[in-house]
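Read the structure below first, then the notes.
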Amino acid sequence: MVRSCLVALALLSACDRATPAKTSPATTASVAAPTPPPPANTKCNLAEIPLRRPQPERLVAIGDIHGDLAAARAALRTAGAIDTSDKWIGGKLVLVQTGDILDRGGDEQAIMDLFEQLEPQAKAAGGEVIALIGNHELMNAAGDFRYVTPIGMHDFDNAPGADPSKWPSVPEEARGRFAALAPGGPYAKWSATHDVVAIVGDTLFSHAGVTAEFVTQIDEINRSSRCWLDGLEGGPQQAPLAMTSEESPVWTRVYGGDSADCAALGKVLADLKIKRMVVGHTVQKAGVNALCDGALWRIDVGLAALYDGPIQVLQMFPEAKVLSGTRL
């Protein structure tokens, strides 16, 4: 079903797997843009990001942000990552954000800029910021703008390094956003410096979770998503495996419902030689919670103003506990 959506100039306009009951208004559902011819002899030569990182002194995860800068700041402060001036104070903290910075709000560029600024600050202090790729980052790169707010549609109009003139067939109101977020655009290239799946210590993080089907495809999911976003493997219509499979680590819903198949999850964890999985993607009305005796944690609490969920983040190490804050 999903692959049938990837037709010329359709750009996934009918492919959102699970439309939530409450969505943001969109001014342009999707944009039809030609794929620029790739440079001669294009080859993806991005430096590989190690899938596995050692167990840090402290590990905290933040779920879906969806264009709400105030909520992002509140979550980062709750995690102990930043001060009131947005400067890194986390020391050796490893902070994982499980994707979906984009859509449903109007502060997307500012949030991406904030995370980009925090990355070198954290590294200098011995910590790390890991901002994973979610389905909405991939959707925007493919030109699927159904969940963009009217304000968000113009959020990237003056994005540094973006060249709207490359996309003359895109409607003018969407051209700036597309130039920034389409494969090879400056903000897509920033996303391309991150993976879809990361393992930190004995915990796997991804936007929606890794099912048995993808246990042996994690490296390819990470590689193809990064290379595509960077503009090195096709244009908007040549979406990578993470985008085109309904059960990929950015799309599956098997871990977000009221229950989960703990035996199946246990097999995945055993195959990967880890103890647990942390996912976002599906809003948890009861807040951060765990299933399968702590082998599965769900952290999408609806941080964005659209959902008005609690300000909660998950500290995974040195001990698992939910950290709660207040909206700014």
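Any idea how far apart ASP83 and ASN158 come out in nm if each label point goes 7 Å out from Cα toward Cβ?
2.9
Once a ≥ b ≥ c are taken as the square roots of the eigenvalues of the Cα gyration tensor of the stretch 246-328, is the result rounded (a/c under 1.5), prolate (a/b larger than b/c) or oblate (a/b not larger than b/c)?
Note, shape of the stretch 246-328 comes out oblate.
Grab the alpha carbons of the stretch 279-320, take their convex hull, and tell me the volume per residue in Å³.
Cα convex hull per residue, to the nearest whole number: 70 Å³.
Just by accessible area at a 1.4 angstrom probe, what is the order of CYS292, CYS262 from largest to smallest?
Descending order: CYS262, CYS292.
With every protein chain present, what is the per residue accessible area of the stretch 90-166 (1.4 Å probe, Å²)?
Dividing the accessible area of the stretch 90-166 by its residue count gives 31 Å².
Test of understanding: extend the Cα→C-beta vector of VAL215 to 7 Å, then name every residue of the stretch 255-273 with backbone N under 20 Å from that spot.
From the stretch 255-273, the list is 255-256, 260-273.
If you take every DSSP beta bridge fully contained in the chain, what fraction is antiparallel? Give it as a percent rounded to 5.
In the chain, approximately 50 percent of DSSP beta bridges are antiparallel ones.
Order 242-249, 315-322 from most to least packed using the mean count of other Cβ atoms within 10 Å.
Per-residue Cβ counts within 10 Å, averaged per peptide and sorted highest first, yield 242-249, 315-322.
So how tilted is helix 262-272 from the main axis of the chain? Cα-based, degrees 0 to 90, rounded to 10.
So the helix axis and the longest Cα principal axis differ by about 80 degrees.
With the Cα gyration tensor of the stretch 144-195 giving a ≥ b ≥ c as the square roots of its eigenvalues, does the rule (a/c under 1.5 for rounded; else a/b larger than b/c for prolate; else oblate) give rounded, prolate or oblate?
Because a/c hits 1.5 or more and a/b fails to exceed b/c, the stretch 144-195 counts as oblate.
Roughly what % of DSSP beta bridges within the stretch 85-212 run antiparallel, to the nearest 5?
The answer is about 50 percent antiparallel.
Quick one: pull the percent of accessible area on the chain belonging to carbon and sulfur, 1.4 Å probe, ligands and nucleic acids left out.
53
How far, in nm, would the chain grow between ASP293 and GLU116 when pulled straight, counting 0.36 nm per residue and subtracting the alpha carbon separation?
60.2 nm
Provide the percentage of antiparallel DSSP beta bridges, counting only those with both residues in the stretch 164-312; round to the nearest 5.
Bridges in the stretch 164-312 are about 50 percent antiparallel.
Hey, what angle do you get for helix 108-124 against the long axis of the chain, alpha-carbon based, 0 to 90 degrees rounded to 10?
50
Under a plain spin-label model, where a point goes 7 Å from the Cα along Cα-to-Cβ, how far apart in nm are ALA320 and LEU51?
Inter-label distance under the simple model: 2.2 nm.
For the chain, modelled as a GNM with alpha-carbon contacts under 10 angstrom, which of PRO56, PRO160, PRO150 fluctuates the most?
PRO160
The values are calculated or read from the model by the stated rules, or taken from the named source; none is laboratory data. Only a predicted model underlies this, so the values are computations on that prediction, with no experimental measurement involved. As a convention, Cβ positions derive from the backbone with ideal geometry for all residues, glycine included, and neighbour counts pool all protein chains shown. Heads up: the accessible areas ignore ligands, DNA and RNA and are worked out on the full protein's heavy atoms, side chains in. Shrake-Rupley method; radii C 1.70, N 1.55, O 1.52, S 1.80 Å.
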